[in-house]
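The values are calculated or read from the model by the stated rules, or taken from the named source; none is laboratory data. These numbers were taken from a predicted model, which means no experiment stands behind them. Here the Cβ positions follow ideal geometry from the backbone for every residue, glycine too, while neighbour counts run over all protein chains shown. Heavy atoms of the whole protein, side chains included, go into the accessibility calculation; ligands, DNA and RNA do not. Shrake-Rupley method; radii C 1.70, N 1.55, O 1.52, S 1.80 Å.
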Amino acid sequence: MAITRIPMHKIVQRHRDTRGSLTDWFAEDAMAFFNTKLPESGLALGDRVAFVTRETGPSDRSGYSVRSFDWNTGAIDTVGEFCAYGRQEANAAAREYLLTA
């Protein structure tokens, strides 16, 4: 099985469809707090999905985080440490997560 790209809008919609009235991870106020930026697409391998976000924390320090997305439940988790990666490292870590999870 090969890693494929999945448009971010499909991940957002699936999250909202499966989470219903539970917390919307992609809500504008939640994203604004850390000035979260989303990519155009995530990576998928079977039911596993990973995407990279860029955040700017209260100290104005920016960094990249790897997120896992459960296609069945809509749950989103951070893989590794929050804001711990540079851009290239985060992309490599997302691929590694998919291949080893």
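Which of the peptides 92-98, 81-87, 8-14 is most tightly packed, and how do the rest follow, going by the mean number of other Cβ atoms within 10 Å of each residue?
By packing density, highest mean first, the sequence is 92-98, 8-14, 81-87.
Compute log10 of I(q)/I(0) for the chain with the Debye formula, placing one identical point scatterer on every Cα and leaving out solvent, at q = 0.20, 0.24 Å⁻¹, to two decimals.
After summing over all Cα pairs, the log10 values are -1.01, -1.39.
In square angstrom, what is the accessible area per residue of the chain with a 1.4 angstrom probe? Kindly include the intermediate steps, with their values, before the conclusion.
Working: 6150 Å² over 101 residues.
Each residue of the chain exposes 61 Å² on average to a 1.4 Å probe.
Picking from Ala90, Ala32, Ala50, which is most flexible by a Gaussian network model of the chain using Cα springs under 10 Å?
The residue that fluctuates most here is Ala32.
Relative contact order for the chain using alpha-carbon pairs under 8 Å, separation at least 6, rounded to a whole percent?
Worked out over the chain, it gives 26 percent.
With the contact rule set at Cα under 8 Å and sequence spacing of 6 or more, what percent relative contact order holds for the range 13-53?
Worked out over the range 13-53, it gives 25 percent.
Hey, in the GNM for the chain with a 10 angstrom Cα cutoff, which one of Gly63, Gly20, Gly42 fluctuates hardest?
Sorting by GNM fluctuation, first place goes to Gly20.
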